[in-house]
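Take a look at the structure set out below.
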Amino acid sequence: MKFLFILDPLDSLKAYKDTSVAMMRAAQARGHQVSFCEQSDLYSKGRVLAKAGRLSLADNDEDWYRAHKKESAALPEFDAVLMRKDPPFDLEYVTSTWLLSAAVREGARVYNAPDAIRDHNEKLAIAEFARFAPPTLVTRETAKLQAFIDEHRDAVLKRLDVMGGENVFRVRVDDPNRNVIVETISQGGRRTTMAQRYLPQIVEGDKRVLLIDGKAVPHCLARIPKAGESRGNLAAGALGVAQPLSARHREIAAALGPVLSKRGLLLVGLDVIGDFLTEVNVTSPTCFREIQDQTGFDVSGLFIQALETKVNER
């Protein structure tokens, strides 16, 4: 099969831990042809095309690819197109999903489904599954944010369009910087912000639970904040420790998995702190390599098998 991966610039990918690289290596190992392009390579000229190039992958993380010349190709020419561009989910990202939705109408198979990516903001998506979520507020009004902090005494504020722990603040009721944090993150009431009750179980890790075609991978990755931090993000220096799924993880996965899979979300990363669902990641979920390296479980192979099944269903 021919797979096209839409990626960040190749030289920006850290092969020793990058999930997209792990996916592409697994695809190549199973005999598939791997091609790549960047977001800027997508365009429309009567139909949706991409300036894409073949990619040959090696196991050496320091010298992991050979890129071949890019040529224009219509997206339906590939057996599957995988959108693996990292956030921010800005207007350019939305534009890419519009182009990919048009490509789907032309016959392309795109994963995750671009319509579903647009419909599932990674922070706001928990609202649909509120029974699993902690107390949460989403608003632009600074007075409402302040009242939420007063009510819960300890809260986490975050923007809706970033990743990796960027623009995430823990705010206690007596924090001397409380007002400036609220004003800054909400841009004085011009920017919608999410507030959640602070969950002290974060010290045990922000657990990434992976769903592949609606089914949970049997191991999660606990991202344990470094000393003095409250953000469980690998990009913020957290330590990743693979662990078996808990009963609560399986309960959440069983409830969300079939719903999200039916919407075209082949790969989803659920973030769970303690017993609470805090995010539903659908743009470019990660943590394959950390789980594979620590447990030996072939997450990448399982994903490519699921992708093959999806392609063969059509």
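The values are calculated or read from the model by the stated rules, or taken from the named source; none is laboratory data. These figures come from a predicted structure and were not determined experimentally. Note: accessible area is taken over every heavy atom of the protein model, side chains too, but ligands, DNA and RNA are not part of it. Shrake-Rupley method; radii C 1.70, N 1.55, O 1.52, S 1.80 Å.
Among the DSSP beta bridges whose two residues both lie in the chain, what percent are antiparallel, rounded to the nearest 5?
Numbers: 49 of 61 bridges.
Once the DSSP bridges in the chain are tallied, antiparallel ones form about 80 percent.
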*In vacuum, with every alpha carbon of region 1-62 counted as one equal point scatterer, what does the Debye formula give for log10 I(q)/I(0) at q = 0.13, 0.17, 0.25 Å⁻¹? Two decimals, please.*
-0.36, -0.59, -1.10
_Part-to-part distance (alpha-carbon centres) for region 5-21 and region 289-314, which is given in Å_ = 17 Å
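With the cut-off at 1.5 for a/c, could you classify region 1-120 from its C-alpha gyration tensor as rounded, prolate or oblate?
Working: a/c = 1.79, a/b = 1.43, b/c = 1.25.
Prolate, because a/c is 1.5 or more and a/b exceeds b/c.
If you scale each eigenvalue of the Cα gyration tensor by 5 and take the root, what three semi-axes come out for region 213-258, rounded to whole angstrom and sorted largest first? Please list the in-between numbers first.
Values: eigenvalues 124, 20, 17 Å².
Whole-Å semi-axes of the equivalent ellipsoid: 25, 10, 9.
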*asked:* Using 24 Å as the Cα-Cα cut-off, could you pick out the over-long pairs in Lys45/Lys262; Lys2/Lys69; Lys85/Lys207?
replied: Lys45/Lys262
*Using heavy-atom solvent-accessible surface (probe 1.4 Å) with all chains present, what is the largest-first order of Phe89, Phe303?*
Phe89, Phe303
_Given region 153-249, report the % of alpha carbon pairs whose separation exceeds 24 Å._
31 percent
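Summarise the accessible area of the chain (1.4 Å probe, protein heavy atoms) by the percent that is carbon and sulfur.
Working: 6650 of 13880 Å².
The C+S portion of the solvent-accessible surface of the chain is 48 percent.
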*Using a 1.4 Å probe, what is the accessible area per residue for region 165-219, in Å²?*
47 Å²
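Run through every distinct alpha carbon pair of region 81-194 and return the Kirkwood hydrodynamic radius in angstroms, one decimal place.
Details: mean 1/r = 0.0631 Å⁻¹.
By the Kirkwood definition, the hydrodynamic radius is 15.8 Å.
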*If you take all C-alpha pairs in the chain, what percent of them are over 29 Å apart?*
37 percent
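Any idea of the accessible area per residue across region 254-314, 1.4 Å probe, to the nearest Å²?
On the way: 2180 Å² over 61 residues.
Spelled out: the 1.4 Å probe surface of region 254-314, per residue, equals 36 Å².
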*Please provide three numbers in whole Å: the alpha-carbon extents of region 217-314 along the principal axes, with the largest listed first.*
50, 27, 25
*asked:* Could you report the accessible area of Ser40 in Å², rounded to 10, computed with a 1.4 Å probe on the protein chains as they sit in the structure?
replied: 100 Å²
*asked:* Using protein chains only and a probe of 1.4 angstrom, how many square angstrom of Lys158 are accessible, to the nearest 10?
replied: 10 Å²
*Can you give the accessible area of Arg66, probe radius 1.4 Å, in Å² rounded to 10?*
130 Å²
*Enumerate the lysines that Lys158 could reach by cross-link, defined here as Cα to Cα under 16 Å, with residues fewer than 8 away along the same chain left out.*
Lys123, Lys144
